[in-house]
Amino acid sequence: MKKMTPIWPLFLCITTGWAEPSAAVRHGKQEENRSAVDETTSAGQRGRTRSFEFHYRFDVSGLEPGKKVRIWLPVPTSNSEQQVVPLPYQLPAKPSFHTEPKFDNRILYLQTVAPDSGKLSLDVPDRIERREVLASKLDASDIDSRELPKRQRKLFLQANSKVPIDGKPLGLLNGLQLNDDPYELAHQLYELVDQHLTYSKEGTGWGNGDVLWVCDSRYGNCTDFHSLFISLARSQGIPSRFEIGFPIPSDAEQGAVGGYHCWAFFFTQKRGWVPVDISEADKRPSMKEYYFGSLPPDRATFSIGRDIELVPKSENGPLNFFIYPHVEVDGTPLTRKQIALKFSYADLRE
């Protein structure tokens, strides 16, 4: 598979005519901020790779002409699992780029006025090379012990608005003999979540990562699975983080991407950040062992964390998580019915 060169060119926006700053400059602060996480990620996490072009495309309709429209999008950045090269954007106005201070997520923001047609179209494409993370590369004997920076430790041990670290979820631990080793304890919690929940999108309530609802419902999607895992892990002193992006189908070289996917990482001093994908393990029991510590290159990360404070500040408070476009018209958020998502991918070949 063809490797993507880490050269960051200048791109010209086709629609608006503004010159995109080089990614080396545009992502410079982002890479510096993310180092607190990446410096503790295990070295040598290399396996299969997958290169693809991803289009973050959507249309907004039903706008009242002349109204002020504000739009926020998550921007994927390079890290130890992926290399991102931005392609020419098609936008209705010149954007600005911001770094959300809590989790260092990158945000594209633009403000414009609704046209007479009442419609806006945006396309933010990237070339992404994703690397497989392998549990076999997390062997503690190959890695020096390291400490998680204090800011990161505090951040990834505290509760979120829908992810408590006490109360009802801890009832699931009653009667269990919990392992003293953090890595083995995390594996116990991985098994516990998989046993307690079934992957399902029936009815309502799923998909919000509301741990109290998840404990009672005993089903949900990837957000629900990993919110419960993070809740339990943090309650036992294991730093854990929520990561969200998009799944890239493996049964075709190009096509539509219907929605997001998320997973989690937990941290141990001996192994650094270790991934888990419990919802995929639940759907594919034969891969259950693999998804504790390993991730295939069939995804792209767009943001991490919960309770995201948008930059510039939104008039509607923090987002539960940040993956879809957030659009406000004169301060009022648009409903999903007014935002037509058209995400797509195409594999890159030699």
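Here are some notes:
- Among the candidates THR15, THR5, the residue that is modelled with pLDDT under 95, surrounded by fewer than 14 Cβ atoms within 10 Å (Cβ to Cβ) and in a loop (DSSP other than H, G, I, E, B) is uniquely THR5.
- Of the residues making up the range 202-244, those that are farther than 30 Å from GLY272 by Cβ and either crowded, with 24+ Cβ neighbours inside 10 Å or not polar (S, T, N, Q) (or both) are GLU202, GLY203, GLY205, TRP206, LEU212, TRP213, ASP216, ARG218, TYR219.
- Near pairs, Cβ below 7 angstrom, 6+ apart or cross-chain, from the range 316-340 (assigned by TED's automatic domain parsing to the domain that holds GLU243) to any residue that is of a type in the set (A, V, I, L, M, F, W, C): none
For every residue, the table says whether it meets (1) touching a residue at least 24 places away in the same chain (Cβ under 8 Å); (2) part of a loop (DSSP other than H, G, I, E, B); (3) among the aliphatic types (A, V, I, L, M).
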| position | (1), (2), (3) |
| --- | --- |
| ALA233 | yes, no, yes |
| PRO249 | yes, yes, no |
| GLY255 | yes, no, no |
| SER286 | no, no, no |
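- Count of the range 56-111 residues, restricted to those that are of a type in the set (Lys, Arg), more than 14 Å from the chain's Cα centre (by Cα) and within 28 Å of PHE242 (Cβ to Cβ), is 3.
- The residues in the range 83-131 that are assigned to a strand (DSSP E or B), of a type in the set (Ser, Thr, Tyr) and touching an Asp or Glu at 6+ places or on another chain (Cβ under 9 Å) can be counted, and the count is 1.
- Lone unmet requirement of (1) out of contact with any Phe, Trp or Tyr (no Cβ under 8 Å at 6 or more places or on another chain); (2) within 19 Å of GLN111 (Cβ to Cβ); (3) buried (at least 18 other Cβ atoms within 10 Å of the Cβ) for HIS326: (1)
- Search result, residues across the range 329-345 that are assigned to a strand (DSSP E or B) and loosely packed, with under 14 Cβ neighbours inside 10 Å: THR332, ALA340
- Any hit, the range 138-156, residues being among the small types (Gly, Ala, Ser), loosely packed, with under 13 Cβ neighbours inside 10 Å, more than 30 Å from ASP104 (Cβ to Cβ) and modelled with pLDDT under 95: yes
- Flag if GLY305 is surrounded by fewer than 15 Cβ atoms within 10 Å (Cβ to Cβ) and of a type outside the set (D, E, K, R): no
- The set of residues in the range 49-99 being surrounded by fewer than 21 Cβ atoms within 10 Å (Cβ to Cβ) and of a type in the set (Asp, Glu) consists of GLU53, ASP59, GLU64.
- Taken over the range 235-247, residues that are part of a helix (DSSP H, G or I) and free of Cβ contacts under 8 Å to residues at least 60 places away in the same chain amount to 0.
- Put simply, of PRO275, PRO312 the only residue that is over 21 Å from ASP224 (Cβ atoms) and either out of contact with any Ser or Thr (no Cβ under 6 Å at 6 or more places or on another chain) or at pLDDT 95 or above (or both) is PRO312.
- Consider the range 180-201 and keep the residues that are without any contact (Cβ under 8 Å) to a residue 60 or more places away in the chain and outside any helix (DSSP H, G or I). The one that is surrounded by the fewest Cβ atoms within 10 Å (Cβ to Cβ) is ASP180.
- Odd one out for PRO239, checked against (1) touching an Asp or Glu at 6+ places or on another chain (Cβ under 8 Å); (2) in the same structural domain as GLY207 (by TED's automatic domain parsing); (3) of a type outside the set (A, V, I, L, M): (1)
- PHE267 vs. criteria outside any helix (DSSP H, G or I), on the phi < 0 side of the Ramachandran plot, at pLDDT 95 or above and under 12 Å from the mean Cα position of the chain (by Cα): no
- Each residue in the range 68-85 was checked for being farther than 20 Å from LEU295 by Cβ and in contact with a Lys or Arg (Cβ under 8 Å, 6 or more places away or on another chain), and 2 of them qualify.
- When each of ALA256, ALA264 is tested for being surrounded by fewer than 22 Cβ atoms within 10 Å (Cβ to Cβ), among the hydrophobic types (A, V, I, L, M, F, W, C), under 22 Å from TYR324 (Cβ atoms) and touching a strand residue (DSSP E or B) at 6+ places or on another chain (Cβ under 7 Å), the lone residue that passes is ALA256.
The values are calculated or read from the model by the stated rules, or taken from the named source; none is laboratory data. Everything quoted here is computed from the prediction, not taken from an experiment. No Cβ is skipped: glycine too gets one built from the backbone with ideal geometry, and neighbour counts run over all protein chains shown.
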